[in-house]
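Down below is the structure, laid out as structure tokens.
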Amino acid sequence: MQSFDRIYRSTILGVAGNKTVENLVRSRAWSVAQRFVAGEQLADAVRAVEELERRGIHGILDLLGEMVTSEQEANTFTENILAIFDAMEGRELPIYVSIKLSQIGQDITLPGGENLGLRNARRILARARALNAFVALDMEDHPRVDITLEQFRTLATEFPGTVGTVLQAYLYRTEADRKALDDLKPNLRIVKGAYLEPETVAYPSKTDVDMNYRRLVYAHLKAGNYTCVASHDERIIEDVKLFAEKSGIPRSQFEFQLLYGIRRDLQQKLADEGYTVRAYIPYGRDWYAYFSRRIAERPANVSFVLRGMLKG
Ligand SMILES: Cc1cc2nc3c(=O)[nH]c(=O)nc-3n(C[C@H](O)[C@H](O)[C@H](O)COP(=O)(O)OP(=O)(O)OC[C@H]3O[C@@H](n4cnc5c(N)ncnc54)[C@H](O)[C@@H]3O)c2cc1C
């Protein structure tokens, strides 16, 4: 039987895929989207990083955009991502960027067979390494997991300590993927997963996803690896704290990551308790897909959007 969460998520993401709905939301919901998105410009995002830093929370800069199909657009995204490093250089703040490989050309093969996403990722990572910055490769929908993990392996070997990636607890395959990466001692962000996935590949029940989430975090920590616990789930966060304490895992081996605008109180509480906390700060004009996923995560967000659209 399908759970309410799953039916709700598939309804919202299904409706969000409709062009008329997209146009309507794009034109009327920007004021609401601003709760989750720092702004359309890089300067807005840098300002958000500085504001969070003043409260003891680090930022993860994320230029919105995904599933790019033209070479020119992928190269433009790459230039715009490189511009993040220019904007952050010299500010004496940690530089941490998240990218989607589909945004910089993962779907494009160049004449001669080179993957454009991999080529552009190398450019980004070379710049990141020179600045002692860190880049996380976000995980997208399930057909991209194989290629993303394969490209992560290549990049992690070429740029050790500069790149990490993400594993999603809703996929059945993820524990096997985690184990297979273990030789790299990877920096992994563990998330529940934000895409609409079929039951053939992903747990349909939230209880199973939550259980798998804990299992993955504990296993990755136990294996001695740096773990980014990316969730707003307070029960999971409390369990991870306890697990780390009981297992003698130092706070320097993990951090909590949350999304900009979501559970700001919890972000502050964790930072005040002395944990490393990073907020993922999306910005840019392509906010619609990201925004739809945030709405699909929480039924209460729909009324918030509708109210905002009626006002706007
Ligand atoms: C830093 C970071 C990076 C991420 N990167 C990826 C990625 O690369 N790939 C990917 O598939 N997913 C990614 N995600 C999204 C993730 O997969 C989940 O969809 C998202 O975090 C919601 O799950 P949750 O763990 O917070 O738990 P849930 O069980 O969904 O939520 C727990 C509680 O958090 C709060 N909450 C959660 N979502 C919202 C929301 N949208 N609005 C308001 N409150 C909310 C509510 O209080 C809710 O009860 C990322 C998440 C974070 C925090």
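The values are calculated or read from the model by the stated rules, or taken from the named source; none is laboratory data. Since the model is a prediction, treat every value here as computed from it, not as a measurement. Cβ coordinates were reconstructed from backbone atoms using ideal geometry, including for glycine residues, and neighbour counts include every protein chain displayed. Accessible surface is based on the protein model in full, side chains and every heavy atom, while ligands, DNA and RNA are left aside. Shrake-Rupley method; radii C 1.70, N 1.55, O 1.52, S 1.80 Å.
Numbers at a glance
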read-out	value
Selection count, the range 239-270, where residues are open to solvent by 20 Å² or more (accessible area, probe 1.4 Å) and of a type in the set (A, V, I, L, M, F, W, C)	5
Test: residue in the range 280-293 that is under 26 Å from TYR8 (Cα atoms), open to solvent by 10 Å² or more (accessible area, probe 1.4 Å), out of contact with any Ser or Thr (no Cβ under 9 Å at 6 or more places or on another chain) and within 9 Å of the ligand (Cβ to nearest atom)	yes
Members of the range 194-227 found to be assigned to a helix (DSSP H, G or I), within 13 Å of the ligand (Cβ to nearest atom) and under 19 Å from the mean Cα position of the chain (by Cα), listed by number	VAL209, ASP210, ASN212, TYR213, ARG214, LEU216, VAL217
Pair list, Cβ < 6 Å and 6+ apart or interchain, from the range 242-271 residues that are assigned by TED's automatic domain parsing to the domain that holds ALA223 to residues that are part of a helix (DSSP H, G or I)	PHE243/TYR218; ILE249/LEU221; PHE256/LEU270; LEU258/GLN267
In the range 294-304, residue farthest from the chain's Cα centre (by Cα) [restricted to those that are within 11 Å of ILE12 (Cβ to Cβ) and among the aliphatic types (A, V, I, L, M)]	VAL302
Matching residues in the range 90-106 - criterion: being β-branched (Val, Ile, Thr) and farther than 12 Å from ILE124 by Cα	ILE95
Considering residues of the range 9-26 that are open to solvent by 40 Å² or more (accessible area, probe 1.4 Å) and aliphatic (A, V, I, L, M) only, the residue farthest from SER292 (Cα to Cα)	LEU24
Boolean, VAL46 is touching a residue at least 12 places away in the same chain (Cβ under 8 Å), in contact with a helix residue (DSSP H, G or I) (Cβ under 7 Å, 6 or more places away or on another chain) and in the same structural domain as GLY90 (by TED's automatic domain parsing)	yes
Listing of strands (runs of 3 or more DSSP E) fully contained in the range 65-169 that carry 3 or more residues being among the aromatic types (Phe, Trp, Tyr) and within 13 Å of the ligand (Cβ to nearest atom)	none
Residue among ALA29, ALA45 that alone is under 20 Å from the mean Cα position of the chain (by Cα) and open to solvent by less than 80 Å² (accessible area, probe 1.4 Å)	ALA45
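Listed here are the residues, each with its yes/no results for (1) within 30 Å of GLU273 (Cβ to Cβ); (2) of a type in the set (Gly, Ala, Ser); (3) open to solvent by less than 70 Å² (accessible area, probe 1.4 Å); (4) out of contact with any Gly (no Cβ under 9 Å at 6 or more places or on another chain).
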residue	(1), (2), (3), (4)
GLN41	no, no, no, no
ARG55	yes, no, no, yes
ILE60	yes, no, yes, yes
ASN75	no, no, yes, no
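Here's the yes/no breakdown for (1) acidic (Asp, Glu); (2) crowded, with 20+ Cβ neighbours inside 10 Å:
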| position | (1), (2) |
| --- | --- |
| ALA130 | no, no |
| ALA133 | no, yes |
| ALA136 | no, yes |
| PRO143 | no, no |
| THR154 | no, no |
| GLU158 | yes, no |
| GLY161 | no, no |
| THR165 | no, yes |
